[in-house]
Amino acid sequence: KNEGIEDEVSLISLNTSFQPWKRTTLEVEASRGFFGEIADNAFRGNLNTQFWIFRAAGNYFYAGKNYPGYYSNSTFYSGSLSAQLTPKINVGVYARQDFTNAQLDTFFVTAPYSKSLQTYLNYNIASRTYLKIYLREYERKDRLALDKFHYKTRSVNSQFRQKLNRFEYSLLGEYGQTTNFLLDKTQDTYRGTANLGYRFNSNNAIRIFGSYSNVNSFVSGEQRNVTAGLSVSSQPFKNFKANFHLQNAYDIEDYYRNRNLMQLNLNYNFLRNHELSFRSYYTLFRRETENPEFFLSATYAYKLGVPVKQVIKAGDVKGRITNTEGEPVEGVVLHLYNKSTITNNNGEYVFKTIPPGQHLLSVERSGFEIDEIPSIPMPVLVDVIEDRETTLNFRITEGAKLTGQFNLTESDGSELNSSNINTGNIIVELKSDFDNFRITSNENGRFSFPLVIPGAWTFRVYENSIPEGFEIEKKLYRFDLHPGENVDLQIDVKRKKRTIIFKSQNISLSSSGNGELQPMKLKSTENEKTDKLDEGIIYTVQVGAFTKKLNPESSFFKGETFDFEKQKDNFYKYFIGRFDSLEKAVEERKRLEPKFRGAFVVAIKDGQVIDINKR
């Protein structure tokens, strides 16, 4: 209360999420806030959906002028719609508007107001070679006390990116028109950017970058149109680390964060308890656009090992987060044990005094773009060792996407016109060394995996889930997925060819002496077996049994792919082939015998292996 006037704040919120359709998720939050007798509303919505070749996502946030929450008088939205036209071509549109009139309860400076609309085409030219062309309209407005910029640009852009073993580079070009509202004039605008990187090994890398543009967006006399710099990271030996960054200038628009024009970090640990550090910065601090400050420090530390209180057994966890170009990512929130931290302007994070043992490290994705993911599976299990420092570095990268469609066809490849056969519930699996996703197709035969980490993946179709009477030519695929890549598989499910075989019924035809043909019983041998068992039985070839589960890529399979895996009597048993007759299974065993010594035919009924010799 203030001088008898009530100023208590009350907030009431309702948050719900639901799935109106398959592969569509909607999250909604509505809130009403009261400040004395004044009341206002806030609303937040999030939508993610996928159908056929399309993918859509959107966020919307609104807070009324008198809403007494964290934000007031603010609006924000972002949305995207993309279509995977072919396995190599993806098109889409993306729109975004930052918070307007946002007042944050933090010491950070609010970023410039921005609004953008972009339509794009991504083309995967070849392995690790990408081309992106997009039309863009964006507006930027200063939020400092004295405006230095307010402009709108309409431009056409192209970006080319390629990775060649240890060398990677990206080139970006932009051309269009810019309207400077502060100077009331419109001019042509252009920009060119190059980013070159080379990784000598896992511990040593260098990146060189630069850009050139005509600058007509600002009113400052200190503007520059050439930017160049380099970054070097090195760990020449175990106890010594070095990082160096140099850049001649930064855009005026980056005033909301610290910008290091020069930074040098050297760290040396020796004789277990000794540490020598050297730090140097030449920095433009927040809110500043001119007059950078220079900072230099040298530190020596020695761990005395004399506790002043009860010793806590603990270790430290630290690391650095960068993007695909090797640039540091600031403001990423991480959680470990019962602690949280945030990366600094050099992308670094640290957790102090974590109890020894295995703990899960997780990252909040709320600050990422829609298609961005960490380069390692999250959460990740971290081993914390007593009195040791554990380092975990990773990148924020564009995720890759794998979708597909099962198409029913005749045995000759022609389209099958049948509404009675369902391609739903076909089991498919996407697997890497770190992740494993197993899903089923929908009623239309469509399947879609979530965003995955770029790298080597194996895609598999479980043949026993294919509709009866149909087959696929290939059930195992291998992909090397790249950042931002979208792969769409079209898999033909063909009707099996029906072969009619006329079998002897243990009779033959002979003359009865009166000119008529009569059946005559054939002699049967003691070892002869019938191949017609009970209905519902399938025949297969067992190729091995092991006490431990095998990876599908194990060298034991010698290029073959097993169809069944069953655990019985403490053994993992593996089977190849799925046949409706004993003869076919015997032929398959003969084919497999050179690869799998001792392979034998079994029958499976109701999921159980049965002994043929007892029938």
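Accessible surface ranking for Arg438, Arg161, 1.4 angstrom probe, highest first: Arg438, Arg161.
Under the convention that each Lys and Arg Cβ holds +1 and each Asp and Glu Cβ holds -1, the size of the dipole of segment 213-296 around its Cα centre is about 480 debye.
Over 32 Å apart at the Cα level, from the set Lys238/Lys549; Lys475/Lys549; Lys22/Lys549, are Lys238/Lys549; Lys22/Lys549.
Rounded to the nearest 10 degrees, the angle from helix 582-592 to the longest Cα principal axis of the chain is 60 degrees.
Hey, with R₀ at 51 Å, roughly what FRET efficiency would Phe181 and Leu266 work out to, going by the Cβ-Cβ distance, to 0.05?
Efficiency, rounded to the nearest 0.05: 0.65.
In a simple Cβ point-charge model (Lys, Arg +1; Asp, Glu -1; nothing else charged), the chain has a dipole of about 1760 debye relative to its Cα centre. Here the simple spin-label model places points 7 Å from the Cα toward Cβ, and for Asn345 and Lys115 these points are separated by 3.0 nm. Shown is the FRET efficiency for Lys352 and Leu14, computed with R0 = 60 Å from the Cβ-Cβ distance and rounded to the nearest 0.05: 0.95. Other residues lying with their Cβ under 10 Å from the Cβ of Asn486 contribute a combined charge of 0, Lys and Arg counting +1, Asp and Glu -1.
Taking the Cα centre of segment 10-79 as the origin, how large is its charge dipole in debye, to the nearest 20, when only Lys and Arg (+1) and Asp and Glu (-1) carry charge on their Cβ atoms? List each step's numbers first, then the result.
On the way: 6 positive and 4 negative charges, 70 e Å.
Once rounded to the nearest 20, the dipole reads 340 debye.
The stretch between Val219 and Phe200, if pulled fully straight at 0.36 nm per residue, gains 2.6 nm over its current Cα-Cα span. Taking each DSSP H run with n ≥ 4 as -39500 (n - 2.57) and averaging over every residue of the chain yields -500 deg cm²/dmol at 222 nm. Residues Met378, Met262, sorted by accessible area with the largest first, give Met378, Met262 [1.4 Å probe; ligands and nucleic acids excluded]. Set against the 2.2 N^0.38 Å expectation for a compact globular protein, the chain has a Cα radius of gyration ratio of 1.31. Taking a point 7 Å from the Cα of Ser465 along the Cα-to-Cβ direction, the residues of segment 557-588 with backbone N closer than 16 Å to it are 563-565.
Sorted largest first by accessible area at a 1.4 angstrom probe radius, with every protein chain in place, the residues Leu550, Leu47 fall in the order Leu47, Leu550.
Between the listed residues Tyr256, Ser217, Tyr281, the Cα displaced farthest toward the positive end of the dipole of segment 206-306, a dipole computed from Cβ unit charges relative to the Cα centre, is found at Tyr281. All Cα-Cα separations within segment 67-206 were binned at 5 Å from zero, giving a P(r) of 2, 8, 12, 14, 15, 14, 13, 12, 7, 3, 0, each value a whole percent of the pairs. What longest region of the chain stays clear of GluC sites (Glu not before Pro) that DSSP places outside H, G, I, E and B and that have at most 10 other Cβ atoms within 10 Å? Formally, the longest exposed-site-free interval is 38-289. Per-residue surface analysis assigns Leu144 an accessible area of about 30 Å², computed on protein heavy atoms at 1.4 Å probe radius.
Summarising the label geometry, the points placed 7 Å from Cα in the beta-carbon direction at Tyr138 and Lys303 lie 4.5 nm from one another.
A dipole drawn for the chain from +1 and -1 charges on Cβ atoms has a positive end, and of Ile576, Asn41, Ile133 the residue lying farthest that way is Ile576. Between Trp21 and Glu389, the simple spin-label model (points 7 angstrom out along Cα→Cβ) gives 5.3 nm. Quick check: net charge around Asn204, other residues with Cβ under 13 Å of its Cβ, Lys/Arg +1 and Asp/Glu -1? Residues close to Asn204 contribute a combined charge of +4. Would you work out which of Asn203, Ser80, Met378 lies farthest towards the positive end of the dipole of the chain, given +1 charges on the beta-carbon of Lys and Arg and -1 on that of Asp and Glu, about the Cα centre? Checked the options; the winner is Asn203.
Lys65 contributes about 150 Å² of solvent-accessible surface, heavy atoms of the protein only, 1.4 Å probe.
The values are calculated or read from the model by the stated rules, or taken from the named source; none is laboratory data. In this text the structure is predicted, and so the values were computed from the model without any measurement. Neighbour counts are summed over all protein chains in view; Cβ atoms, including those assigned to glycine, are modelled from backbone coordinates with ideal geometry. Surface areas here come from the heavy atoms of the whole protein model, side chains and all, with no ligands, DNA or RNA. Shrake-Rupley method; radii C 1.70, N 1.55, O 1.52, S 1.80 Å.
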